[in-house]
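The values are calculated or read from the model by the stated rules, or taken from the named source; none is laboratory data. Everything numeric here is computed off the predicted structure, so don't read it as measured data. For neighbour counting, all protein chains shown are included, and Cβ atoms are generated from backbone atoms with ideal geometry for every residue, glycine included.
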4 protein chains.
Amino acid sequence: MPETVKAAVLVEPGRLEIQGFPRPEIEEGAMLVKPLMCGICGTDKHGYNGEAVQYAGTPREVNGPYPAIPGHENVGEIVEMRQTKSESLKDFYGKELKEGDRIVISPDIMCGKCYWCKHSFGYTWCDNIRSYGHLESSVPPHIFGGWGELMYVFPGSHIFKISDEVSNEIGVLAEPMAVTYPLDIAKGHSSLPHEGFSSGDTVVVYGVGPLGLCHLIKARLLGAGKVVAIDKSEYRLKFCKDYGADYTLNVDNTTAEERRQLILDITDGRGADVVIECAGVKEVLVEGIEMLRQGGTFIEVGHFVDVGEVKLNPHRHLCAKNIRLIGQMNLCYTGMMPSIQLMMANRDRFDFDGIITHKFPFTQSLKGLLKSMEPDCMKVAIIP
Amino acid sequence: MPETVKAAVLVEPGRLEIQGFPRPEIEEGAMLVKPLMCGICGTDKHGYNGEAVQYAGTPREVNGPYPAIPGHENVGEIVEMRQTKSESLKDFYGKELKEGDRIVISPDIMCGKCYWCKHSFGYTWCDNIRSYGHLESSVPPHIFGGWGELMYVFPGSHIFKISDEVSNEIGVLAEPMAVTYPLDIAKGHSSLPHEGFSSGDTVVVYGVGPLGLCHLIKARLLGAGKVVAIDKSEYRLKFCKDYGADYTLNVDNTTAEERRQLILDITDGRGADVVIECAGVKEVLVEGIEMLRQGGTFIEVGHFVDVGEVKLNPHRHLCAKNIRLIGQMNLCYTGMMPSIQLMMANRDRFDFDGIITHKFPFTQSLKGLLKSMEPDCMKVAIIP
Amino acid sequence: MPETVKAAVLVEPGRLEIQGFPRPEIEEGAMLVKPLMCGICGTDKHGYNGEAVQYAGTPREVNGPYPAIPGHENVGEIVEMRQTKSESLKDFYGKELKEGDRIVISPDIMCGKCYWCKHSFGYTWCDNIRSYGHLESSVPPHIFGGWGELMYVFPGSHIFKISDEVSNEIGVLAEPMAVTYPLDIAKGHSSLPHEGFSSGDTVVVYGVGPLGLCHLIKARLLGAGKVVAIDKSEYRLKFCKDYGADYTLNVDNTTAEERRQLILDITDGRGADVVIECAGVKEVLVEGIEMLRQGGTFIEVGHFVDVGEVKLNPHRHLCAKNIRLIGQMNLCYTGMMPSIQLMMANRDRFDFDGIITHKFPFTQSLKGLLKSMEPDCMKVAIIP
Amino acid sequence: MPETVKAAVLVEPGRLEIQGFPRPEIEEGAMLVKPLMCGICGTDKHGYNGEAVQYAGTPREVNGPYPAIPGHENVGEIVEMRQTKSESLKDFYGKELKEGDRIVISPDIMCGKCYWCKHSFGYTWCDNIRSYGHLESSVPPHIFGGWGELMYVFPGSHIFKISDEVSNEIGVLAEPMAVTYPLDIAKGHSSLPHEGFSSGDTVVVYGVGPLGLCHLIKARLLGAGKVVAIDKSEYRLKFCKDYGADYTLNVDNTTAEERRQLILDITDGRGADVVIECAGVKEVLVEGIEMLRQGGTFIEVGHFVDVGEVKLNPHRHLCAKNIRLIGQMNLCYTGMMPSIQLMMANRDRFDFDGIITHKFPFTQSLKGLLKSMEPDCMKVAIIP
């Protein structure tokens, strides 16, 4: 086995280069994993552009850090592992782990001891959160991201062993699909008449990159009626048509008023039941609420990084329509495996593998990253 | 137009015959409708067998009545209507109605004035409920069921106008599909970790006649993982395979213990997340709970008529496993149109029309009714 | 009985005067009611100041109207009524009504026929909503508000007959107490760990006029732990101390940062679980979210009229903290009687009558209205 | 410090005696605690009577065990503790622990590694659950219950440090009060009109020993309207009157039909909204459902041990009324501290300390246990 591990490093905004790291000794309970496929996420793009403030206003607020090896949507193969004295290493479902196993790795490692770890569940609200792809590569054992030859997996990581029939692509999609959790929450609110997300509801998704597409598919899988996709990429809108969108709207060809009017037209003048903001464009907050029906649900899941402020009218946008708003960033790790199960149970219906439209070896990470910023791709992934 | 209206009448248990009735004058706000397709329901079969006590223990408790023209899952065409002075007749969604329109008719008519009509919503808990197919045909205007040439539709009925693209079959299925509402409720409970009905959950359906099949499909449409169908009809089990069941179990070939073991096997020893009782077999209550995981949800929707008692252990079956149980009979009328929307949005996935396996003209109602009691059919319908 | 009915009329912003109207003939199903007590609400004050845009962005958007007889929080005595031919007049609970009965009148009259009346429940989302106190007094039968000698009550109004033991004061408070419905919704969300409103939670109420005080009391009655009141009126803050506030903060003596720090201090640095905006001050939206813990619930119920825009950061204020936001204006009429029951069941604990601090005869309505705008009052009411 | 630790041991059904045990060496992360007060629970009484099957039908099913030192509702003082190498011992809220601290100890210790520990939250569904008061005293370090001089507290126990103002009594009540969690769940279901537990609802509690009384108080604290207590002990019924019951019914003076009639009378003929079974009497399941309104919620929390079967009619008791049933045994440990906070926030309203009506030194445990089986006591506690 090589003594030097090569990986792509985001040294600072705008500078991504291949570096070598010493192959680390592994501590008890840890593993070395060979990345098989690693999705490029919106936060990776933002990080390259220097927009790297996350969790603003919480104790976990971070900026960057730089340098770091990107890559947190990981499917890999266990290359080396070190058992603890007291018990064998197991995945999140109690399945024994061994070298050669193919696994999905949840992006976040929780401390298990802070207030949030003891009192909340599923969400990654840990005070001492560590996230693959967002850890300083200058600190040993260095290799904390999926864009490289090997990746160090800490003890206590959430690991999901996958069977042969689960493709790498579905493994990579487990993470963005788990981000769609607010749709599950909205389902939970739908017991109240005309609140939340009910069977047959009209759902609008703003911004249909991979995250938006996952929301669109999830809406379909949870019983949506009409689904509308809005984006500026014709490529992505066509993509959505193939994955179940009934209507697509290009923001370059339509005005906000025309978009609102279409939504009113297809809902007998009432407005959408659910609007999901996945664009990361702050103005969509107001535009989206304006096309929501009274009592509708707005899901704000597109602003994983800080891109500034927008003006809002508390009467018109919050009270007058009795809106419900669910904000979320990051994901519920408890939703990773259910997301895989959901995709596997609906493989006959959706070509999940096809969502990974481009693959680049990690040595060409920059090329992959730049590709992911163009309009004519869906999920771009890094491979060995 | 004929002055005499022919219809099938269930005169008493075991006696179904064709009778003639005078074509009625219609009151303000009422309509005459030509039935295009009318599903045969489990309660119709029970009624023929004399098991006709419904709503036992509530103010609405009824037995029968006899004689009555059966048929409450109706799609029809408006033949004649009489507007009210103050406003035009509209459907439940505010759409204008006119002769020639194709409509779905909700089985129950509510008084709109009693405590329940004012305080609850969607459910048909009305103190003065009147239900098509269950009204005495000896009382004018007589023709209150779908098994005949014409049907009288009272003012205040819940009417759903359907477009040309909605087939009669889907219209008929709106009613049993709306009965699956407990799955929506269970979705609402799933915000609590490991309660209710979550994405990827294992769902068992006991009794897969038309109602059980609707639950199976609905479970799929709301994001189930593995779905198991249990029945004694090989025909129906095969049917379920085509509509998304991952496993089928024939109660004639397996013991209760074997069935429980299979469920444990496919859930890593934990038991099913959701068990739905659609068989109307009282022993299934205990057998179903025994195969439920702790914290699982049991949906009891199969006992629309009274078929007696069963022994239950409050510790073992209710407390020890922290079970949640949702009982329901009848349906939410507010779920009728969403059910149609849900089916229309998933026509590419499920052949809903194919669920109506047999059709008989109303003049052969008895033949149809007897067919519906045999194991080699799914939904049997009455046509003109 | 007098042939002329005197009432206070808000002729235009800033002009309130006593006028005389002809005593109306009543239509079938209608009533004439003598107002016994009528609360002055925030929208009355806004209307006097010309801030009268309500339901902005919905089909129900209104401005004013002027002239109108104010008064929608009404307790009255039936003076005259006209039965319908088919049945006797009953209240919302099916209780027979007769002259001399004391009743609470829900402010809104619904059409019962539009989409929203058929598909939603409880909320007053009716397309054709009419609201007492907000109907043009120039249109016969003119007397549509509680600030006068008599009030015309339309057929189809939601009427709640009250027994002798229910004071007029509690009757008046039924309306603002029913506005606290978002706390019930938040209770419903609390099944998810650390979401919604759970037992023992820390609740902050911004703006503790009558509506804020009702939220404070409701929070207590639904199991809050620590409750914090924030206002600029020392009188109102002292009032809150007597009604269960653990902490009070005067915005004139503290900075936003000091207020946030206090909330952090009493929550071990985590922030409030629930923040309720009842001040109608748009800047509170951001200040309140800043003091919310991650996963906390923000209730926006203070902006019944349009007072402009505020800047918000979608990342920091919505996503980063995973907040849930419930907007509401107006109330659920189905919550009126439960609110009365709740107050009656807790009379030993809270002096509800004492919340009505000032009473003025309707001939002194202007004096009462001006009083209600001063800081040293709680609920001001109009009496005969 | 003594080298021998005395404690009461339930050697076998019907035989409780004082034994001596060697004072144990404590492992890393463990503590020795001096019990200050320990409540006697229904399972203790059942255990004495030989009814000791718990968790029947789950992987955790146990019978007994015998011999064991009873006592799982514990408040104690830390006498000795052994820090781990890596970090200081903390309570569930992250508060540092030291000798002399007064603590509440959650009855159950979870493994933290099994499927249930990773996938559920709050509930004690752990495959490897260990419960104080139910561990074999023949196995070192022996002293696993609160009825003695000292108690061994395992690493990983859920510990709640309490301040001076929290009385021992309130500390003891944290456990039974946390058992009332189904009322919180039912609150969560109440967003649906007329389901779950809404403000102003009528609540019936069957069996008002300490657990029933806790439910009665919790119902009050969460906004119940009328509350009815049913028991055979006049002492307990009087007790309930003082703690907020509006009606009390003695099963020795009334027939089941009379009790049902009273419930109908006070609910305008509709039945109770919520019925809670805390009696552990299996026949109450049917009697309670018979007095429930349609759509009502039945909470079955009284059968912590197996006492046999009862006959139930699936149509009449589950379907016809659309009932919702929540079964629970044991408790959510996450509810312990919120329960304390809830009691502390309502001390002015309820005399919680007064619920502990009798106290016996552990040397008189048998006397205490026998007392707790008599009708003229509420919670009996063991003290040093």
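Within this structure, residue A:373 passes the test of being surrounded by fewer than 17 Cβ atoms within 10 Å (Cβ to Cβ) and over 29 Å from residue B:348 (Cβ atoms).
With respect to the conditions (1) out of contact with any Asp or Glu (no Cβ under 6 Å at 6 or more places or on another chain); (2) away from chain A (no Cβ under 14 Å); (3) part of a loop (DSSP other than H, G, I, E, B); (4) modelled with pLDDT under 95, residue C:60 lacks only one, and its number is (2). When the residues of the stretch D:1-60 are filtered to those that are touching a Gly at 6+ places or on another chain (Cβ under 6 Å) and of a type in the set (Lys, Arg), the one that is nearest to residue D:168 (Cα to Cα) is D:34. The single condition among (1) buried (at least 20 other Cβ atoms within 10 Å of the Cβ); (2) within 14 Å of chain B (Cβ to nearest Cβ); (3) in contact with a Lys or Arg (Cβ under 8 Å, 6 or more places away or on another chain) that residue A:291 does not satisfy is (2).
Here is a check on your reading of the model: is residue A:283 more than 14 Å from chain B (Cβ to nearest Cβ), farther than 25 Å from residue A:372 by Cα, surrounded by fewer than 19 Cβ atoms within 10 Å (Cβ to Cβ) and free of Cβ contacts under 8 Å to residues at least 40 places away in the same chain? Spelling it out, it is not the case that residue A:283 is more than 14 Å from chain B (Cβ to nearest Cβ), farther than 25 Å from residue A:372 by Cα, surrounded by fewer than 19 Cβ atoms within 10 Å (Cβ to Cβ) and free of Cβ contacts under 8 Å to residues at least 40 places away in the same chain. Residue-level check: of (1) within 25 Å of residue A:332 (Cα to Cα); (2) away from chain D (no Cβ under 14 Å), residue C:310 misses just (1).
The set of residues in the stretch A:41-57 being in contact (Cβ under 8 Å) with a residue 60 or more places away in the chain, out of contact with any Asp or Glu (no Cβ under 6 Å at 6 or more places or on another chain) and within 14 Å of chain C (Cβ to nearest Cβ) consists of A:42, A:43, A:46, A:51, A:52, A:54.
Out of A:267, A:254, A:248, which single residue is surrounded by fewer than 24 Cβ atoms within 10 Å (Cβ to Cβ), more than 14 Å from chain B (Cβ to nearest Cβ) and within 22 Å of residue B:346 (Cβ to Cβ)?
Working: A:267 fails: more than 14 Å from chain B (Cβ to nearest Cβ); A:254 fails: within 22 Å of residue B:346 (Cβ to Cβ).
Every option except A:248 fails the conditions.
Kindly indicate whether residue B:166 is in contact (Cβ under 8 Å) with a residue 24 or more places away in the chain, of a type in the set (Val, Ile, Thr), out of contact with any Ser or Thr (no Cβ under 7 Å at 6 or more places or on another chain) and under 23 Å from residue B:42 (Cα atoms). When the stated conditions are applied, residue B:166 does not pass them.
Per-residue answers, yes or no, for (1) more than 30 Å from residue D:34 (Cβ to Cβ); (2) within 11 Å of chain C (Cβ to nearest Cβ):
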residue	(1), (2)
D:168	no, no
D:171	no, no
D:176	no, no
D:196	yes, yes
D:202	yes, yes
D:213	no, no
D:228	yes, no
D:240	yes, no
D:243	yes, no
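Do you know which of the residues in the stretch B:63-83 that are more than 15 Å from the chain's Cα centre (by Cα) and in a strand (DSSP E or B) is farthest from residue B:26 (Cα to Cα)?
At the first step, the residues of the stretch B:63-83 found to be more than 15 Å from the chain's Cα centre (by Cα) are B:63-69, B:76-83.
Those still in the list that are in a strand (DSSP E or B) too: B:63, B:68, B:76-81.
On the way: B:63: 28, B:68: 19, B:76: 17, B:77: 16, B:78: 13, B:79: 11, B:80: 8, B:81: 7 Å.
Filtering the stretch B:63-83 for residues that are more than 15 Å from the chain's Cα centre (by Cα) and in a strand (DSSP E or B), the one farthest from residue B:26 (Cα to Cα) comes out as B:63.
Among residues of the stretch C:330-360 being among the polar types (S, T, N, Q), surrounded by 20 or more Cβ atoms within 10 Å (Cβ to Cβ) and at negative phi, the one that is farthest from the chain's Cα centre (by Cα) is C:341. Of all the listed residues (D:111, D:126), the sole one being within 14 Å of chain A (Cβ to nearest Cβ), touching an Asp or Glu at 6+ places or on another chain (Cβ under 8 Å) and surrounded by fewer than 17 Cβ atoms within 10 Å (Cβ to Cβ) is D:111.
When the residues of the stretch C:354-381 are narrowed to those that are among the aliphatic types (A, V, I, L, M) and outside any strand (DSSP E or B), which ends up farthest from the other protein chains (Cβ to nearest Cβ)? Reasoning before the result, please.
Here is the first cut: in the stretch C:354-381, the residues among the aliphatic types (A, V, I, L, M) are C:355-356, C:366, C:369-370, C:373, C:378, C:380-381.
Checking the rest, the ones that are also outside any strand (DSSP E or B) come to C:355, C:366, C:369-370, C:373, C:378.
Working: C:355: 18, C:366: 26, C:369: 21, C:370: 24, C:373: 19, C:378: 21 Å.
Selected residue: C:366.
Whether a residue is within 14 Å of chain D (Cβ to nearest Cβ), surrounded by fewer than 16 Cβ atoms within 10 Å (Cβ to Cβ) and touching a residue at least 24 places away in the same chain (Cβ under 8 Å) was assessed, and residue B:11 does not pass this test.
Go through the stretch B:87-102 and report how many residues are of a type outside the set (Gly, Ala, Ser), out of contact with any Lys or Arg (no Cβ under 7 Å at 6 or more places or on another chain), at the interface with chain C (Cβ under 10 Å from one of its Cβ atoms) and in a loop (DSSP other than H, G, I, E, B). Even if it seems obvious, please write down each step before you answer.
Our first condition is that a residue be of a type outside the set (Gly, Ala, Ser); within the stretch B:87-102, this holds for B:87, B:89-93, B:95-99, B:101-102.
Now drop any that are not out of contact with any Lys or Arg (no Cβ under 7 Å at 6 or more places or on another chain), which leaves B:87, B:89-90, B:93, B:98-99, B:102.
Add one more test, that the residue is at the interface with chain C (Cβ under 10 Å from one of its Cβ atoms), and what stays is B:87, B:90, B:93.
Now drop any that are not in a loop (DSSP other than H, G, I, E, B), which leaves B:87, B:93.
Qualifying residue count, the stretch B:87-102: 2.
With respect to the conditions (1) without any contact (Cβ under 8 Å) to a residue 24 or more places away in the chain; (2) out of contact with any His (no Cβ under 9 Å at 6 or more places or on another chain); (3) more than 20 Å from residue A:22 (Cβ to Cβ), residue A:116 lacks only one, and its number is (2). Please work out if residue D:144 is in contact with a Leu (Cβ under 6 Å, 6 or more places away or on another chain), under 22 Å from residue D:80 (Cα atoms) and at pLDDT 90 or above. For residue D:144, the condition - in contact with a Leu (Cβ under 6 Å, 6 or more places away or on another chain), under 22 Å from residue D:80 (Cα atoms) and at pLDDT 90 or above - is met. When residue C:212 is tested against (1) more than 30 Å from residue D:217 (Cβ to Cβ); (2) under 18 Å from the mean Cα position of the chain (by Cα), only condition (1) is not met. When residue A:105 is tested against (1) touching a residue at least 12 places away in the same chain (Cβ under 8 Å); (2) away from chain B (no Cβ under 14 Å); (3) β-branched (Val, Ile, Thr); (4) surrounded by fewer than 23 Cβ atoms within 10 Å (Cβ to Cβ), only condition (4) is not met.
For the structure I just gave you, tell me whether residue C:336 is out of contact with any strand residue (DSSP E or B) (no Cβ under 7 Å at 6 or more places or on another chain), within 29 Å of residue D:200 (Cβ to Cβ) and not hydroxyl-bearing (Ser, Thr, Tyr). Taking the combined requirement at face value, the residue does not satisfy it. In this structure, residue B:138 qualifies as at pLDDT 95 or above and either within 27 Å of residue B:361 (Cβ to Cβ) or touching a strand residue (DSSP E or B) at 6+ places or on another chain (Cβ under 6 Å) (or both). The criterion of at least 2 residues that are under 30 Å from residue B:249 (Cα atoms) and of a type outside the set (Ser, Thr, Tyr) is met, among strands (runs of 3 or more DSSP E) falling completely within the stretch B:111-222, by B:203-206.
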